[in-house]
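Coordinate-derived values only; no laboratory data. From a predicted model like this one, the values you see are computed outputs, not experimental measurements. Cβ atoms come from the backbone with ideal geometry, glycine included; neighbour counts cover every protein chain shown.
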Amino acid sequence: MHRSFSPFTILSGISLAALTLASPALSGTLDAASKVDAVTVYPDAAQVTRIAEVDIPAGATSVVFKGLPMALDPSSLRVEGAGGVPIQIGSVETRVAPVQQQPPENALSEKLRKLNGDREVTQARLSALQSKKTMIERFAQASPEKLGDKAAPMDVEKWAGAWDAVGEGLARLAEENQTLRQRLADIEQDIRAVQASNRTPAQRTQPTRDVTVEIEAQGGTRSRLVLIYRVAGAGWQPLYDARLESKGNEKPVMQLVRRAQVAQRTGEDWTNIELSVSTVRAQRGTQAPDVMAQRIRIFEPRPVPLPRSAASNEVARRADLPMASGMVAAPAPAALAADKSKDEERAREVEATIESGTYEAQFRVPGRIDVPTDGSQRSLRIASQTIEPSLIVKTSPSMDATAYLEASFTNKEEAPLLPGEVNIQRDGMYVGKGAFRLVAPGEDARLGFGADERVKVTRVPVSRRENTPGWMGANKTEKQDFRTTIRNLHPFAVKVNVIDRIPISEDTNIVIEALATNTAATEKQVEERRGVMGWTFDLAPNGSKEIRLGWQIRWPKDKQVLSETLPDGAR
């Protein structure tokens, strides 16, 4: 995001030293009250533009931007600005500001200590009352003959007095017990209140950075300083909505809406900012890696010391076996593995007014928005376009005997379609989620729009035969033959693409031959995948078509064959 300011002069370290010697008096230090004004978010980082209005006195001044995020890249710091008098900018320095822990309030701590003491005293008095009550109850339960002097029976005339004494004692204990329990409840409530008030507000738990900018002004002036830096912990990813309207023989129309999902945990809130998103990956490498020489040599196993047992001998022998390809690969350094993972990261992008260059595109979101630093995701609509795609019904019957509707189109926008999730709707109904791979401007893209229930696909085996050779035979043979039938139940013609395969072999002992009854493929190799072929044709209303595909395999009778599916990308 480009901004125009009256340029300051940026001094080197030598010039700043000379300037300092020429100014006998320094004006001191100023804290810049700055705010984030604009942010450009990359898929893996962000560039932040901070603005501060500062009254700068004449002479040399240190302007300090405090509380900047720890994730700030010091090497990315740039300072711009404008003022009413000539101003020169010297060095820019960053320092880590550690977290300052505030001690608890002394008065609250003392009050809490006293309340805890009162609670202990009240609990002790309650315990003493309980003991006293137990003694009075034991006296009341004693026989009259045990209450007189020398265990002699108590006179009958004294019984009423004893009863009154026991009753009055228990009544006083009950009253005192109730008072103490109420007192204990009040103390507990006061303790909870003090503990709640002693909880200080949420404080900064991570260190921050302070940035100091040295400035020399020829006179006092109101200056606008702009601090620009790159910060980690932010990013965005693209989201898409694809809505297809297909009505029989009419031309299909697809509405493609771009969205950007922005989130950040940089340590600073972005409040009321101008937001842009860029397709550039700021943390990716800037040039292709160097290609080093590769040497092939004969594998020479290490000498293995004589083992103590046959089992340990077998373990040692296997440890020195070469790889199946006949080559031994040196272990890759950890740094190379890390670089490879970076190269394989998925690209991402975002929206609004597009500003495209030769190598990147940037979308500027209209208005101002807030993006908090809590990692919450903010979804923004960036652009939309109306497309007239080409439709085809595609099926892979060896994997799934279902016909799927697929739309293809050319990306005519100035920005690429970055890899991202696509919400798919067909004729107003949600049918699922798809995904875009990276589609450059001018490149073709494809999207699936769910199953087409009016195109029926069946694949059945015509024959399968396995020949076990006799005692004189050298090879085993196996023959498989399949028939695929496609029926169009639509009242209009559809274009159909059928993808199927025959096995391949890289072993000269295994011979695979296609059957003469096979239907000739219109595409002998799909996307350069060996053995994968395709048939594309138009199917009339209520029409049907059959495709035959079969093969025969021969291999030595003393061997076993294994079927495996090659991973995507293998050719």
- Task: With a Förster radius of 45 Å, plug the Cβ-Cβ distance of Arg224 and Lys412 into 1/(1 + (r/R0)^6) and report the FRET value to the nearest 0.05.
- Result: 0.60
- Query: At a Förster radius of 60 Å, what calculated FRET efficiency corresponds to the Cβ-Cβ distance of Asp400 and Ser376, to the nearest 0.05?
  - Reply: 0.95
- Task: Quick one: of Lys456/Lys479; Lys412/Lys545; Lys35/Lys433; Lys456/Lys557, which pairs are farther than 32 Å apart, Cα to Cα?
- Result: Lys412/Lys545; Lys35/Lys433; Lys456/Lys557
- Message: How many angstrom lie between the Cα centre of the stretch 217-256 and the Cα centre of the stretch 493-525?
- Response: 46
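For Glu245 and Thr508, what is the calculated FRET efficiency with R₀ set at 60 Å and r taken between the beta-carbons, to the nearest 0.05? Could you put the intermediate results ahead of the total?
On the way: r = 54 Å, r/R0 = 0.90.
It comes to 0.65.
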- Query: Across 10 Å bins from 0, what is the distribution of all Cα-Cα pair distances for the stretch 406-453, in whole percents?
  - Reply: 26, 50, 23, 1
- Item | Separation in nanometres of the label points that stand 7 Å from Cα toward Cβ, at Arg113 and Asp164 | 5.1
- Task: Calculate, in nm to one decimal, what Thr517 and Glu93 gain on full extension: separation in residues at 0.36 nm each, minus their alpha carbon distance.
- Result: 144.8 nm
- Where Rh is the Kirkwood radius over Cα pairs, Rg/Rh for the stretch 455-556: 1.09
